[in-house]
Structures are given as C-alpha cells and as structure tokens.
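Engineer: Structure in structure tokens, see below.
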Amino acid sequence: MKSRKAHIKKRVYQRQQGRTARHYGDFRDYADVGGKREPLRIPGEKRATTDPELAETLAAQRLTELQRKRAENQGRAVAGLAPLTSLKKWISEHLIVKAKSGKVTDQWMEGEELRLGRALTHLGDRDLSTVTVADVRRWTETLIAKGLSGGTVRQHLNSLSNLYRRAQSEGKVALGYNPVAGMMDKPSAHKVPARWLEVPTAALLLEAARTLTRKREDVAVPFAYELIATALLTGGRPAEILGLELDDVSFEREQITFRPNHWRRLKTLTSYRSVKLWPQLAQILKPYVAKRKLAGGRLLFPSQRMDQEAMLTDVRKMLDAVSARVGVAAREVNLYDFRHTYCAARLQTLEHGAPVAAYTVGQELGHGGDSLVKRVYGHLGTVRHRSEAVEYRVAQHAKAKHHDKPLREWVKRLQQAA
C-alpha cells in the first residue's frame, strides 16, 4: 500500500498559475491508452485542484482507469479484437492524416474539424466501437432540431463515416464496423433545379459590371467586369476562376488553362484543362493583364485587403452591387450560375458549321464525359443564337426583354448612371 501511495505521489506535480499552485498528473507511460500530462480536477471543474491530498486521490483514480484500459486492450488483443481507441484521439489523428494527404483544401479541413467536433460534443469521448447506430440517429435528430438543412446534416454524417472508414483500415475497429453505414434513413439535400442566365440577361449583367462605379474604390473589388467576363466566357468553377494566375492566360495560344497551383487545387483529374480564349474575353482581358503584370504578383484576381498577395474567397457583395443595377435581388446571382450559363451558351455554338458536341463542352467544363452536360448543365435557353463563338454582347440582343423592358432601355439607364 505504501509503495503504491509513493508511486502516486511521484506522479503528482505542481504548476504555478499566478499566486496559486495547481496540481497535475504525469501519465505519459500510459500514452497507448490516452495517458499524458493532465490537470487533476474534480469532474465539472475547469481548473486543476489546489488541494495536495485531493490531487493524490484524483491521480490514483486516473491511474486505475488507465490500468483498466490497458488490461482490457491486452485482453482484446488475445481475443483478436481491435484495441480501445477514444473518439477524441482518433478524430485528431484522422484530421492530421487527412491534412497531410494534400487532397483537400484548408477550407474543407476547417469544415471537417467543425463537423467532427460537433459529433464529439454530442457522443462524448468514448471508445470508437461503442458508438451505435442509435447514437448516430439521435445525433442526426439533434442537428435537424438545431435548424441544419438535410444537405448539411448529410455532410456531418459523411465526415463521421469517413472517420470510421479510416478506423477500419488501420485496425481501430473491426472490419465493417461503421454506425453511419448502418442507418436506414439518412437525410439528404433538397434538390433544386440549377440556375443559369439567358444570354441576353448575361450580356446585360456584363454591361452593368463594365459601367459599375463604386463609392469606396479603396476597398471595392476593382475588376468586377474582368472577373464576371472570365466566369461567363470560360465556365470555370468559382475556385478555379478566383485561383487563376496571370501565366494561365495565353493570348498567343488563345487559351486559358485551369491547373492546380499554390492557391487552390482542382476538383478532379479531368479538371486540368485548357479552354478557348474567346475573342470577347481576349479583348476584355488584354489591357487588364498588361496592367496587372506591371503591378507585380501572380494572381489574375488577387485579394485587395491583404498585406501580401492572397486569393479572393468571397465576391458576393460585388455580385450584389452589379446585379442591383439591373433589378436583380441580392444573392440571386452567384459565380456558379455563370458556369451553367456558359454551358447553355456554348451548346448553341457551331464548330465547322455543325452544333458543338456535348462531349467537347463536357471537357471544357472539366468533366470526364458528357453525361453531366446532358443531365444537369445542358439548359436550353429560350433565345437561340447560333454563332462560331461564345459571346455576350447587348447590341446583338437589343430587342430582347429583361423585366418586360427591352435591353436597350436598360443599357441607356446604365450609361446614364455611370
């Protein structure tokens, strides 16, 4: 008894916090079951205890718990079962490995950490193999009760499922053990039809961007016209557009290349591609690119509010300012709408006198084939405009109507406002 008490006493040490000495325990020799240097505190308290006798009692309880876990692990090993692994510890290891893989963005990693943190808060720090389907179902119900959408809840479930898939691959749980996969009814995102702009409306929006003036030029995005034109005339994904570098634009080859770089990755292997630099876009970008090269830097559309060059991540206020000029409500237009718009406009173009192939359009969008173009992106606008190039010029659609008024009336209004 005396030897155990002395052993416990050696594990307890003090840390001075201001004028108060608080007690901590050293359990690093039990790191395999979660032991570390940790505060000795009464359950429910935030700080370690200042009472030396109470500290020894708490240290003894913690040591007993760790010894029990180690003995249980040894018994499980003999029985051929996976060792005990705490949910909190495995979440940390899983996120570290996922980040090192380089396959996901920093923004996605932040989302994963948030979602798995919510799972830990609800489920508690427990052994991975003790989480049941019923536990996950109750967590799902809690998330829905908090007002999260079906799509967002499904993302949470996917994050937890991915955690268990890695746990299976590394022997932390038995093969096939995944409480998320066992759920019968999982929530899903509410599917809404993809939005796009008719070519005349896109032309009017582009004109609104060209004639846009801002009250605070020092903080406003100064390249609204060039950015919207690039999105409308390449069909790139939002991150692909915002992460373009100056060297990705080639006026000699008449191409814009989407490739991974320091600022962002690409979604899939087929996303590495070159698309045509259409004449209208070349005309818009040539003076802008020349000015950007003189200013220095690598990004085509850099953030304006950073001490060092950085990629823009949010252009919603800029899009709202442009949209408001043509009577469109805030948040009604986003960069992804321009991707769908490009696809609709591109499908109306001709190649060697014949309609362009859906497979060609799919490649330009960064898809592996034409199935998504036919199923999702292939909108058929009400205005047909067959030509050899994708372009959005208000002069070609002066008689087309926007909000029951011809485009030429809107253009006059925009020019007067400018």
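Only the coordinates and a few stated rules stand behind these numbers; no lab work does. This one's a predicted model, so the numbers in the text were calculated from it and none came from an experiment. Ideal geometry is used to build each Cβ from the backbone, glycine not excepted, and the neighbour counts take in all protein chains shown.
Engineer: To the nearest 10 degrees, how steep is helix 2-11 against the longest Cα principal axis of the chain, on a 0 to 90 scale?
Structural biologist: That works out to roughly 30 degrees.
Engineer: Now, a different point. Quickly estimate the mean residue ellipticity at 222 nm for the chain, helices only: each DSSP H run with n ≥ 4 gives -39500 (n - 2.57), and the total goes over all residues, rounded to 500.
Structural biologist: -14500 deg cm²/dmol
Engineer: Given the C-alpha centroids of region 84-140 and region 293-316, what is the distance between them in whole angstrom?
Structural biologist: The two parts, judged by their Cα centres, are 34 Å apart.
Engineer: While we're on this one: Counting alpha carbon pairs within less than 8 Å and at least 6 residues apart, what relative contact order, in whole percent, applies to region 199-417?
Structural biologist: Dividing the mean separation by the residue count of region 199-417 yields 27 percent.
Engineer: Hey, can you grab everything whose amide H is under 5 Å from the amide H of residue 273? Only 5+ residues off in sequence or another chain; H modelled, so Pro and N-termini drop out.
Structural biologist: Result for residue 273 returns 258.
Engineer: Under 20 Å between alpha carbons, and skipping anything fewer than 8 positions from residue 215 in its own chain: which aspartates and glutamates qualify?
Structural biologist: Of all the aspartates and glutamates, those that pass the test against residue 215 - Cα under 20 Å, at least 8 places apart if same chain - are 207, 226, 314, 320.
Engineer: While we're on this one: Can you match Cα extents along the principal axes in Å to one of these, [x] 70, 68, 54; [y] 96, 51, 42; [z] 109, 54, 45, based on a calculation from the structure here?
Structural biologist: [y]
Engineer: Between residue 132 and residue 100, what length comes free when the chain is fully extended (0.36 nm per residue of separation minus the Cα-Cα distance, one decimal in nm)?
Structural biologist: Length gained, residue 132 through residue 100: 8.6 nm.
Engineer: Can I ask one more? Take residue 114 and residue 92, extend 7 Å from each Cα along the Cα→Cβ direction, and tell me the distance between the two endpoints in nm.
Structural biologist: Taking the simple label geometry, residue 114 and residue 92 are separated by 2.3 nm.
Engineer: Also, I was wondering about something else. Compute the Cα gyration tensor for region 87-169, then decide on rounded, prolate or oblate, letting a ≥ b ≥ c be the square roots of its eigenvalues: rounded whenever a/c is under 1.5, prolate when a/b is larger than b/c in the other cases, and oblate in all that remain.
Structural biologist: It is oblate, given that a/c is not under 1.5 and a/b is not larger than b/c.
Engineer: For a quick check, take a GNM of the chain with Cα springs below 10 Å and name the residue from 43, 355, 260 with the largest mean-square fluctuation.
Structural biologist: Checking each option, the largest mean-square fluctuation is seen for 43.
Engineer: Could you give the dipole magnitude of the chain about its Cα centre, charging the beta-carbon of Lys and Arg +1 and that of Asp and Glu -1, in debye to the nearest 20?
Structural biologist: About 1000 debye.
Engineer: Follow-up question, since we're still on this one. Quick one: compute the contact order of region 2-78, relative version, from alpha carbon pairs under 8 angstrom and 6+ residues apart, as a percent.
Structural biologist: It comes to 25 percent, rounded to a whole number.
Engineer: Right, another one. List the lysines whose Cα sits under 28 Å from the Cα of residue 401, skipping any in the same chain fewer than 8 residues away.
Structural biologist: Within reach: 317, 374, 412.
Engineer: Sticking with this structure for a sec: Which of the three applies to region 288-418, rounded, prolate or oblate, going by the alpha-carbon gyration tensor with a ≥ b ≥ c and a/c under 1.5 meaning rounded?
Structural biologist: oblate
Engineer: Going by alpha carbons, how many degrees (0 to 90, nearest 10) lie between the helix axis of 335-346 and the longest principal axis of the chain?
Structural biologist: The helix 335-346 is inclined about 40 degrees to the chain.
Engineer: A further question follows. Would you mind ranking 311, 109, 184, 318 so that the residue whose beta carbon has the fewest other beta carbons within 10 Å leads the list?
Structural biologist: Exposure proxy ranking, most exposed first: 184, 109, 311, 318.
Engineer: Still on this structure: Give the lysines reachable from residue 103 as a straight Cα distance under 16 Å; neighbours fewer than 8 places away on the same chain don't count.
Structural biologist: 267
Engineer: Here's something else I'd like to know. Each label point is 7 Å from the Cα along the Cα-to-Cβ direction; what then is the distance between the points at residue 47 and residue 146, in nm?
Structural biologist: Once both label points are built, they end up 3.0 nm from each other.
Engineer: For the chain, what is the relative contact order in percent, using Cα pairs closer than 8 Å and at least 6 residues apart in sequence?
Structural biologist: About 13 percent, as a whole number.
Engineer: Under the Karplus relation 6.51 cos²θ - 1.76 cosθ + 1.60, θ = phi - 60°, what is the ordered set of whole-Hz ³J(HN,Hα) values for region 23-35, x standing for Gly and Pro?
Structural biologist: Using θ = phi - 60°, the values come out as 9, 10, x, 9, 10, 5, 6, 10, 4, 5, 10, x, x Hz.
Engineer: For helix 224-234, report the angle its Cα long axis makes with the longest principal axis of the Cα atoms of the chain; keep it between 0 and 90° and round to the nearest 10°.
Structural biologist: Compared with the principal axis, the helix lies near 90 degrees.
Engineer: Quick one: what are the phi-derived ³J(HN,Hα) couplings along region 271-285, Karplus 6.51/-1.76/1.60 with θ = phi - 60°, whole Hz, x for glycine and proline?
Structural biologist: These are the phi-based 3J(HN,Hα) values: 6, 6, 7, 10, 10, 5, 8, 4, x, 5, 5, 4, 5, 6, 7 Hz.
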